[in-house]
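Following: one structure in structure tokens, then a few remarks.
What follows is calculated from the coordinates using simple rules that are stated; it is not laboratory data. Everything numeric here is computed off the predicted structure, so don't read it as measured data. Every residue, glycine among them, receives a Cβ derived from its backbone with ideal geometry; neighbour counts consider all protein chains shown.
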Amino acid sequence: MYHLIRVDNRTWAYEDRMPDGDTVRFFVLDGQDKCLVIDSGYLPLDVKGMVSELLKKEGRELSSDGNHKEILLANTHGDMDHTGGNGSFPFFYITETDYENCNLKEKFPDTGYIAAEEGMAIELGDRIIRYYMAPGHTYGNAVILDETGRILFPGDMVQTGTMFMFGEHRCPDHMEESLLKLMKMQDLYGKIYSCHGKMILSPDAVGETLAAWRKARAGQVKPERTTLFGTVEVDLYRCGFCNFYCDVKNR
Ligand SMILES: [Zn+2]
């Protein structure tokens, strides 16, 4: 079950351990007029209800006009460990590519979606959040920037855990380019809050992830054959800062 972590006076993380032992978390960013949840974890829970309770407990449930705050959901990508609670919201933001590729219409038929695009802003009143496209981990992968708080939410693409880079939803050919894009954006953020592994990372973690990825891509690390979920054979590349699960056939 998730436990709640207060990150600062208006940012929280819900954290849990998945059956494979990896840590997973999603984030709550509160603003004066609206509240934004980034990703929704792996369990099919009433995440919107959980966040509503949290805001009430914190005395932050009302917007500046005295009405109940709207609670929005934005996904970094469409993997199941980031969309578990999506069905508890009336709609969510995600890229059209991941909405289609990850079959989210079939999974959440009663929940609408808004296609996130490069530079799209979500305004929470006194806190501006913005989407940036960063394909690699998935075709429609995006990162979300808290422009006001100068925090980058990279989903899975910057982390100290093991990144899934196998299977049909991945596009490894774009990973390097996307990590270079995040490095170029480094004047926009002072810290990174990641969904797996260590939660709070410094901006240097982008370069560390890129160096690790290049090692795996160049075959500088000998892969270990491993079995995931009892059935799926993958290659595990241990690259120091983080690890990667890649296809046995085509890395
Ligand atoms: Zn993930």
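Cβ-Cβ distance of V232 and E147, R₀ of 45 Å, FRET efficiency by 1/(1 + (r/R0)^6): the value works out to about 0.70. Ranked by the mean number of other Cβ atoms within 10 Å per residue, highest first, peptides 17-30, 175-188 order as 17-30, 175-188.
Of P223, P135, P154, the residue with the greatest mean-square motion in the GNM of the chain, using alpha carbon springs below 10 Å, is P223.
For the chain, the pair-distance distribution built from all alpha carbon pairs, in bins 10 Å wide starting at 0, is 7, 33, 38, 18, 4, 1 percent. Note on E106 and A218: their simple-model spin labels are 4.1 nm apart, each label 7 Å out from Cα toward Cβ.
Candidate cross-link partners of K191 among the lysines, defined by an alpha-carbon separation under 19 Å and a same-chain spacing of 8 or more, comprise K181. Of M183, T138, V51, which is farthest towards the positive pole of the chain's charge dipole, taken about the Cα centre with +1 and -1 on the beta-carbons of Lys, Arg and Asp, Glu respectively? Positive-end residue among those listed: M183. Can you give the helix-only mean residue ellipticity at 222 nm for the chain, where every DSSP H stretch with n ≥ 4 adds -39500 (n - 2.57) and the sum goes over all residues, rounded to the nearest 500 deg cm²/dmol? Computed ellipticity for the chain at 222 nm equals -5500 deg cm²/dmol.
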